[in-house]
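The values are calculated or read from the model by the stated rules, or taken from the named source; none is laboratory data. From a predicted model like this one, the values you see are computed outputs, not experimental measurements. So basically every Cβ, Gly included, is an ideal-geometry build from the backbone, and we count neighbours across all protein chains shown.
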Amino acid sequence: MNRFAPLIALLAVLIMVTAAGCAPVAPASEMAGEEMMEVVSTGGVALPDDAAPLDQQVFRSAGIEGKHFDTMRNEYEGFAYEATIEQLAKMGPEGDWHPAAADSWELSEDGRTWTFHLRQDAMWSDGTPVTAEDWVYSFRRYLNPEMANVYAWFLFDLENGEAYNKGEVDVEELGVELIDEYTFSLTTKVPIPYYMFKINWHAAPVPRHMVEEHGDDWANDPATAPSNGPYRIAEWNRGKNVIFTPNPYYTGRYPATFEQRVQVIIPEVGAPLLQMYQAGDIDGGVGVTGDDLVQVLADPQLSQEAYISVMNRGVYIYMNQRTPPFDNMLVRKAFAHAVDRTALCDNVMRGTCIPAHGFLPKDFPCERNDDPELIAYQNYDPELAADLMAQAGYPGGEGFPELTIFTKEGEFIREAEAIQRMLADNLGVKLTPQNVERAFYVDQMRNGELKVALNRWGADFIDPSNFVDWWDDPAASYFTGWTDEEYRNLIDTARPMAMSTERCDLYHEALKILARDAIGVFVMNPVQAVLYKDYVSGLTLTDDGTLGVYNMMLLDSAYITDN
Amino acid sequence: MTRYVLGRFAGIIGVLFIVSIMIFLMIHTIPGGPFDAMPTTSEFREIPEHIREKLMAKYGLDKPLYVQYFRYMWAALRGDFGISFRYGEPVTDFISRSWPATAQLGLSAMAIGIPIGIGLGILAALRPNTWLDYLTNVVVITTFVTPVFVIAIMSIIIFAVILKWLPSGGWGEPKQWILPTFVYALGQIGGMARFTRASMVDAMQAEYVRTARAKGLRESAVVMRHAFRSASLPLVTLLGPMVVNLLLGSFFIEAIFRIPGIGGQITLALYNRDYPVIMALILLWTFAIAIAYLVTDLLYGVVDPRIRVGGTM
């Protein structure tokens with residue numbers, strides 16, 4: 001100990017001298033710098049006066065690890081970011097479309113062909129021009145049977161999309177056409193007025209020059225995965241993070257404001273997101289529901305940073321109608337009238353959901369959940385429910401089979417507990433809630449063992465067709481055992497129509513059929529809070545200050561303030 | 001001795017083959033497959049049949065089970081454990097990049113947890129039924145019965161959220177190592193201390209301890225050379241599998257602290273029906289456990305000459 005004493009003393013003196021020397025100097029120089037010139041990001045954006053210095057312009061969010069960077073192989077496998085991929089157009093906070101990779105676009109007279117005129121100075125982050133050939137190549141590759149893309153069906157409404165994917169026709173027959181170096185068109189089977197939603201939800205170009213050189217491996221390594229967006233992929237530290245830095249070749253409308261965007265990789269289950277956010281390890285984009293939401297709302301700091309909205313998600317009781325007891329409409333109706341949705345959301349879920357009697361989530365286009373007629377089909381009425389059950393041949397639940405009500409992946413456990421209690425009290429039926437993993441759930445569904453479950457449907461794009469079409473989808477009707485001519489006619493008539501009251505009338509009629517025949521028991525829409533730290537400023541919000549639905553411009557002008 | 005070890009190794013290889021068949025059959029028998037539904041989204045959607053068939057063929061899952069097994073084993077014997085369905089990279093790459101974090105965490109937790117656990121156990125045994133013993137007991141039982149994920153989340157709330165001394169997780173910088181290492185070590189201390197105390201209390205009452213004391217040996221020599229040596233026999237039994245568990249990681253610790261290790265991967269791989277990863281990790285686990293027991297058996301001989309194997313050492 002004694003031997004080191006002089007050394008320690010020296011070190012201590014050194015530290016004191018350095019600290020004393022630095023402390024007053026550093027802020028002074030910073031101050032001078034700030035006053036003399038504004039902060040201009042590497043992406044070329046002059047940041048507002050309250051912006052923090054460039055080295056602090058880092059935005060960190062969290063997400064699970066992708067398999068690769070190829071969004072045109074399987075979107076949900078890849079890392080997909082609005083930061084690195086520039087799509088044809090961007091949806092603004094109010095649901096309006098703004099040019100992005102395309103300067104303009106037009107729809108043909110017959111409503112089937114969309115022609116896109118690309119921005120001509122667009123470049124990949126390696127300096128190679130982005131051309132219409134890249135786009136055409138990408139769409140063809142997406143549907144190429146060899147790719148075995150599990151999401152290929154998303155573009156099946158392109159002319160010959162499904163046939164090409166099944167290997168029945170050649171690629172030339174596909175409704176994707178190269179017109180010139182900066183122009184291409186997409187042709188759908190039938191007119192789809194909301195096609196911009198679909199196409200910009202999923203489609204991004206892949207760098208053809210890299211795919212041709214490296215095959216599918218191009219997307220495994222940042223070095224061979226150039227981007228066409230404001231940011232490029234700088235580093236992928238597997239299991240830890242992905243780091244994006246400004247794309248030096250980006251010349252588009254949404255230049256990078258941040259010096260770095262970081263996606264902190266979290267495990268598929270178990271990461272304490274809210275605590276990560278509170279500890280300051282991520283800056284925003286944290287969505288919380290359920291108990292976490294209750295905690296956020298009660299916390300003076302967190303509640304200030306929360307953007308609260310009803311999720312575009314409908315939670316419903318799924319029933320297999322192929323076999324007893326749910327082939328009997330009276331049983332399904334009894335279930336529908338036996339669930340006290342208000343008690344569920346207000347008491348059990350402590351205000352983290354809102355009651356629903358229809359399939360469309362609140363505030364979704366064409367949603368008319370307040371329609372008394374719709375509500376009457378599934379309103380809480382325990383006496384009516386018991387009557388219906390008796391009429392169905394199960395008075396007081398007598399003779400009703402004991403079933404398992406399934407939930408999956410740790411979701412809706414408490415909701416299922418509450419609902420089975422209500423069904424037991426009001427109908428005398430015995431359902432045992434069981435939460436299972438997804439693979440088992442799907443297997444049970446496939447082989448018909450799953451008779452009743454608490455399920456959800458979330459929007460992929462903002463059009464009612466995304467919700468109502470599901471029930472008529474061959475895959476869904478295979479599981480529910482339900483098809484209906486009238487329903488199909490309504491949605492087929494509504495689908496190609498431009499958005500209007502008439503279109504919504506048709507959809508509402510269809511939704512009333514679902515509620516009337518209790519094809520599903522529609523229960524609630526969850527509420528969500530999305531958190532952004534107060535030092536993240538410049539978010540592009542809706543006029544009334546919410547995040548907006550699929551707002552693709554949220555972070556376009558965001559920056560870090562200096563407090 | 002050498003013959004004994006060689007014999008045991010042959011046994012281990014046999015066990016690996018049997019386990020490989022059992023696991024292979026089991027993972028293919030559990031309901032649900034890797035390509036039954038859309039990956040990573042919770043909404044239920046069917047993968048179109050023609051695409052499903054292609055994927056099954058791509059990964060060789062359309063072949064009869066015995067063909068799949070022999071193909072797998074033939075490749076595995078040459079060091080090729082297949083490609084992870086979930087991560088899209090070779091399983092060997094995946095394990096070799098993930099294991100270092102897990103091993104580092106396990107070794108550090110061991111380095112802290114085992115000495116403290118043994119120390120606490122000995123202290124408690126030397127003063128049985130005193131305040132020291134009770135205090136140790138309270139600490140030990142609390143850490144032993146509190147689930148590790150509770151301790152982990154609590155530690156994040158205290159040290160990362162409230163005090164802001166340490167990051168909430170992640171892996172790479174030394175300050176990110178502190179919380180998971182200590183939480184992990186805490187879990188080991190409880191078990192270690194309990195077992196040490198129990199066997200030390202027995203040993204301290206043995207006749208040879210009284211003899212040693214009667215010889216006039218210093219108390220420290222009595223405790224360490226005589227009592228602890230024989231008391232450590234059950235600890236050696238405990239240590240083998242414990243070391244393996246520590247080296248192969250903990251699901252909760254790695255998930256909660258976002259550590260890119262292999263600890264959580266068996267669970268996740270089962271969940272995702274990621275057959276190649278499940279196979280490789282379970283075989284690795286089996287191998288490690290078998291080796292640990294072999295080492296344990298050899299250590300018995302070091303600790304207690306009466307049970308030395310294979311003749312003289």
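Per-residue answers, yes or no, for (1) in contact with a strand residue (DSSP E or B) (Cβ under 6 Å, 6 or more places away or on another chain); (2) of a type in the set (D, E, K, R):
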position: A:VAL429; (1), (2): no, no
position: A:GLU437; (1), (2): no, yes
position: A:TYR441; (1), (2): yes, no
position: A:MET445; (1), (2): no, no
position: A:GLY448; (1), (2): no, no
position: A:ALA453; (1), (2): yes, no
position: A:ASP460; (1), (2): no, yes
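Sub-8 Å Cβ pairs linking a first residue in segment A:213-234 that is touching a residue at least 40 places away in the same chain (Cβ under 8 Å) to a second residue that is surrounded by fewer than 17 Cβ atoms within 10 Å (Cβ to Cβ) and part of a strand (DSSP E or B), at least 6 apart or interchain, are A:PRO222/A:ALA234; A:PRO222/A:GLU235, ordered by first then second residue. B:VAL295: under 20 Å from the mean Cα position of the chain (by Cα), assigned to a helix (DSSP H, G or I) and not acidic (Asp, Glu), yes or no? Answer is yes for this residue.
Taking (1) over 30 Å from A:ALA518 (Cα atoms); (2) within 14 Å of another protein chain (Cβ to nearest Cβ); (3) hydrophobic (A, V, I, L, M, F, W, C) in turn, A:ILE308 satisfies each apart from (2).
Suppose the filter is surrounded by 18 or more Cβ atoms within 10 Å (Cβ to Cβ), within 12 Å of chain A (Cβ to nearest Cβ) and of a type in the set (Asp, Glu); does B:ASP36 pass it? Yes, satisfied.
Scanning segment A:366-385 turns up at least one residue that is more than 30 Å from A:SER303 (Cα to Cα), touching a helix residue (DSSP H, G or I) at 6+ places or on another chain (Cβ under 8 Å) and hydroxyl-bearing (Ser, Thr, Tyr). The residues listed here are A:PHE258, A:PHE244, A:PHE197; of these, the one that is at negative phi, under 25 Å from the mean Cα position of the chain (by Cα) and assigned to a helix (DSSP H, G or I) is A:PHE197. B:VAL243 passes every criterion in (1) more than 9 Å from chain A (Cβ to nearest Cβ); (2) touching a strand residue (DSSP E or B) at 6+ places or on another chain (Cβ under 7 Å) apart from (2). So is A:MET422 part of a helix (DSSP H, G or I), within 14 Å of chain B (Cβ to nearest Cβ), over 21 Å from the mean Cα position of the chain (by Cα) and among the hydrophobic types (A, V, I, L, M, F, W, C) or not? So A:MET422 fails the test. Residues that are free of Cβ contacts under 8 Å to residues at least 40 places away in the same chain, out of contact with any helix residue (DSSP H, G or I) (no Cβ under 6 Å at 6 or more places or on another chain) and hydrophobic (A, V, I, L, M, F, W, C) within segment A:481-531 are absent altogether.
Selection of first residues in segment A:85-100 that are under 23 Å from A:ALA219 (Cα atoms) and of second residues that are among the acidic types (Asp, Glu) and not in a strand (DSSP E or B), restricted to Cβ pairs under 9 Å at least 6 apart or on distinct chains, gives the following pairs, ordered by first then second residue: A:ALA100/A:GLU86.
Yes or no: segment A:180-200 includes at least one residue that is touching a Ser or Thr at 6+ places or on another chain (Cβ under 6 Å), farther than 27 Å from A:ARG503 by Cβ, of a type in the set (D, E, K, R) and surrounded by 15 or more Cβ atoms within 10 Å (Cβ to Cβ). No, because not a single residue in segment A:180-200 is touching a Ser or Thr at 6+ places or on another chain (Cβ under 6 Å), farther than 27 Å from A:ARG503 by Cβ, of a type in the set (D, E, K, R) and surrounded by 15 or more Cβ atoms within 10 Å (Cβ to Cβ). Checked against (1) of a type outside the set (A, V, I, L, M, F, W, C); (2) at the interface with chain A (Cβ under 8 Å from one of its Cβ atoms); (3) part of a helix (DSSP H, G or I); (4) touching a Gly at 6+ places or on another chain (Cβ under 8 Å), B:ARG258 passes all but condition (3).
For segment B:220-255, filtering for residues that are outside any helix (DSSP H, G or I) and in contact with a Pro (Cβ under 8 Å, 6 or more places away or on another chain) leaves 0. Within segment B:109-164, being among the charged types (D, E, K, R) and part of a helix (DSSP H, G or I) holds for one residue alone: B:ASP133. Residue by residue through segment B:205-255, note down the ones that are farther than 18 Å from B:ASP304 by Cβ, of a type in the set (Ser, Thr, Tyr) and surrounded by 19 or more Cβ atoms within 10 Å (Cβ to Cβ). Selection gives B:SER250 alone.
Against the test of being surrounded by fewer than 17 Cβ atoms within 10 Å (Cβ to Cβ), more than 11 Å from chain A (Cβ to nearest Cβ) and small (Gly, Ala, Ser), the options B:GLY82, B:GLY106, B:GLY113, B:GLY119 yield a single qualifying residue, B:GLY119. Condition first: surrounded by fewer than 19 Cβ atoms within 10 Å (Cβ to Cβ), outside any helix (DSSP H, G or I) and within 14 Å of chain B (Cβ to nearest Cβ). Can you find one or more residues in segment A:227-235 that meet it? Yes: segment A:227-235 contains one or more residues that are surrounded by fewer than 19 Cβ atoms within 10 Å (Cβ to Cβ), outside any helix (DSSP H, G or I) and within 14 Å of chain B (Cβ to nearest Cβ). When the criteria are applied in full, A:ALA475 fails the requirement of being within 21 Å of A:VAL523 (Cβ to Cβ) and within 14 Å of chain B (Cβ to nearest Cβ). Looking at (1) without any contact (Cβ under 8 Å) to a residue 24 or more places away in the chain; (2) under 19 Å from the mean Cα position of the chain (by Cα), find the lone condition where A:ILE265 falls short. All conditions are met except number (1). Checking the stated criteria, A:SER557 turns out not to satisfy the condition of being within 30 Å of A:GLN87 (Cβ to Cβ) and either free of Cβ contacts under 8 Å to residues at least 40 places away in the same chain or surrounded by 22 or more Cβ atoms within 10 Å (Cβ to Cβ) (or both). Taking residues in segment A:444-459 that are closer than 20 Å to A:ILE419 by Cα and facing another protein chain (nearest Cβ under 10 Å), and partners anywhere that are hydrophobic (A, V, I, L, M, F, W, C) and part of a loop (DSSP other than H, G, I, E, B), the pairs with Cβ atoms closer than 8 Å and at least 6 places apart or on different chains are A:ASN455/B:PHE44; A:ARG456/A:PHE412; A:TRP457/A:PHE359.
Looking only at residues of segment A:58-79 that are at pLDDT below 80 and within 11 Å of chain B (Cβ to nearest Cβ), we find that the one that is surrounded by the fewest Cβ atoms within 10 Å (Cβ to Cβ) is A:TYR76.
Assuming A:LYS430 fulfils every condition listed in (1) crowded, with 16+ Cβ neighbours inside 10 Å; (2) in contact with a helix residue (DSSP H, G or I) (Cβ under 9 Å, 6 or more places away or on another chain) apart from one, which condition is it? Against the list (1) crowded, with 16+ Cβ neighbours inside 10 Å; (2) in contact with a helix residue (DSSP H, G or I) (Cβ under 9 Å, 6 or more places away or on another chain), A:LYS430 comes up short only on (1). As for segment A:128-139, it holds at least one residue that is without any contact (Cβ under 8 Å) to a residue 60 or more places away in the chain and surrounded by fewer than 18 Cβ atoms within 10 Å (Cβ to Cβ). Of the helices (runs of 4 or more DSSP H) lying entirely inside segment A:324-411, the ones with 2 or more residues being surrounded by fewer than 15 Cβ atoms within 10 Å (Cβ to Cβ) are found at A:372-378, A:382-391. Considering the conditions (1) farther than 21 Å from A:PRO365 by Cβ; (2) surrounded by fewer than 19 Cβ atoms within 10 Å (Cβ to Cβ), A:TYR441 is excluded by exactly one of them, (2). In segment B:70-79, the residue that is farthest from the other protein chains (Cβ to nearest Cβ) out of those that are surrounded by fewer than 17 Cβ atoms within 10 Å (Cβ to Cβ) and touching a residue at least 12 places away in the same chain (Cβ under 8 Å) is B:MET73.
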